[in-house]
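Student: Attaching a single structure in structure tokens format; questions to follow.
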């Protein structure tokens, strides 16, 4: 007797076989791709180097914003304009124990002293505007200092706040001496 008569030809997969394949594919998908969001980038944590670019490119930025950080800069709030209230900044931050400095009228480095918000000491306040400007400030974190320019240029990293202060003063003098500053 020929083998074709003993075993009839199969024309497709059985329902059980299809269900097993779907089950295996589903398990592999959920184990391998769980937590991956295709096409949606998560913002990088706020650091002194990306502070300005992250705030200006965030969904909450509508031409003007103020960043306020409290609790040793562990918690930050953002308000979209001067008349709105502060809302908790939902993205991650890496600003822990940051110290903010500015220059006084004698161009001496002066620690920023802020008031309180929600009965906690404010460690940082920065304003951001639609023309690309922001609060010019020196931030010190761990063993590095960062100069954040008000207008043009990227933040710069220095070994000390005094080096950042020298850079600030040199660039302020260069801009005012160039004749392009009004």
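The values are calculated or read from the model by the stated rules, or taken from the named source; none is laboratory data. The shown structure was predicted, so the numbers you read here are calculated from the model rather than taken from an experiment. Neighbour counts run over all protein chains shown; Cβ positions are idealised from the backbone, glycine included.
Student: List pairs: first residue in the range 142-165 and touching a residue at least 60 places away in the same chain (Cβ under 8 Å), second residue assigned to a loop (DSSP other than H, G, I, E, B) anywhere in the structure, Cβ distance under 6 angstrom, at least six positions apart or on different chains.
Tutor: Within 6 Å, the pairs are 146/48; 146/155; 148/155; 155/49.
Student: Which condition from (1) at pLDDT 85 or above; (2) in a loop (DSSP other than H, G, I, E, B) is the one that residue 11 breaks?
Tutor: Residue 11 satisfies all of (1) at pLDDT 85 or above; (2) in a loop (DSSP other than H, G, I, E, B) except (1).
Student: While we're on this one: What residue, among those in the range 146-171 that are assigned to a helix (DSSP H, G or I) and either on the phi > 0 side of the Ramachandran plot or surrounded by fewer than 18 Cβ atoms within 10 Å (Cβ to Cβ) (or both), is modelled with the lowest pLDDT?
Tutor: My answer is 171.
Student: If you don't mind, another one. If a residue has to be assigned to a loop (DSSP other than H, G, I, E, B), more than 14 Å from the chain's Cα centre (by Cα) and touching a residue at least 40 places away in the same chain (Cβ under 8 Å) to count, how many in the range 55-71 make the cut?
Tutor: Residues that pass the stated criteria total 2.
Student: Now a separate question. Are any of the residues in the range 91-111 more than 30 Å from residue 170 (Cα to Cα), under 14 Å from the mean Cα position of the chain (by Cα) and surrounded by 14 or more Cβ atoms within 10 Å (Cβ to Cβ)?
Tutor: Yes: the range 91-111 contains one or more residues that are more than 30 Å from residue 170 (Cα to Cα), under 14 Å from the mean Cα position of the chain (by Cα) and surrounded by 14 or more Cβ atoms within 10 Å (Cβ to Cβ).
Student: Taking the range 100-135 as the region of interest, how many residues are free of Cβ contacts under 8 Å to residues at least 24 places away in the same chain and within 19 Å of residue 47 (Cβ to Cβ)?
Tutor: Here the count works out to 1.
Student: Any residue that is at pLDDT below 80 and either farther than 29 Å from residue 79 by Cα or surrounded by 10 or more Cβ atoms within 10 Å (Cβ to Cβ) (or both) - is there at least one of those in the range 46-55?
Tutor: Looking through the range 46-55, none of the residues is at pLDDT below 80 and either farther than 29 Å from residue 79 by Cα or surrounded by 10 or more Cβ atoms within 10 Å (Cβ to Cβ) (or both).
Student: Condition (residue is at pLDDT 85 or above, surrounded by 10 or more Cβ atoms within 10 Å (Cβ to Cβ) and in contact with a strand residue (DSSP E or B) (Cβ under 9 Å, 6 or more places away or on another chain)) applied to the range 25-36: is it met by at least one residue?
Tutor: Checking the range 25-36: not a single residue is at pLDDT 85 or above, surrounded by 10 or more Cβ atoms within 10 Å (Cβ to Cβ) and in contact with a strand residue (DSSP E or B) (Cβ under 9 Å, 6 or more places away or on another chain).
Yes or no, residue by residue, for (1) farther than 23 Å from residue 155 by Cβ; (2) part of a loop (DSSP other than H, G, I, E, B):
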residue	(1), (2)
29	yes, no
53	no, no
73	no, yes
85	yes, yes
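Student: Please state which one of 137, 125 is under 17 Å from the mean Cα position of the chain (by Cα) and surrounded by 15 or more Cβ atoms within 10 Å (Cβ to Cβ).
Tutor: When all the criteria are applied, what remains is 125.
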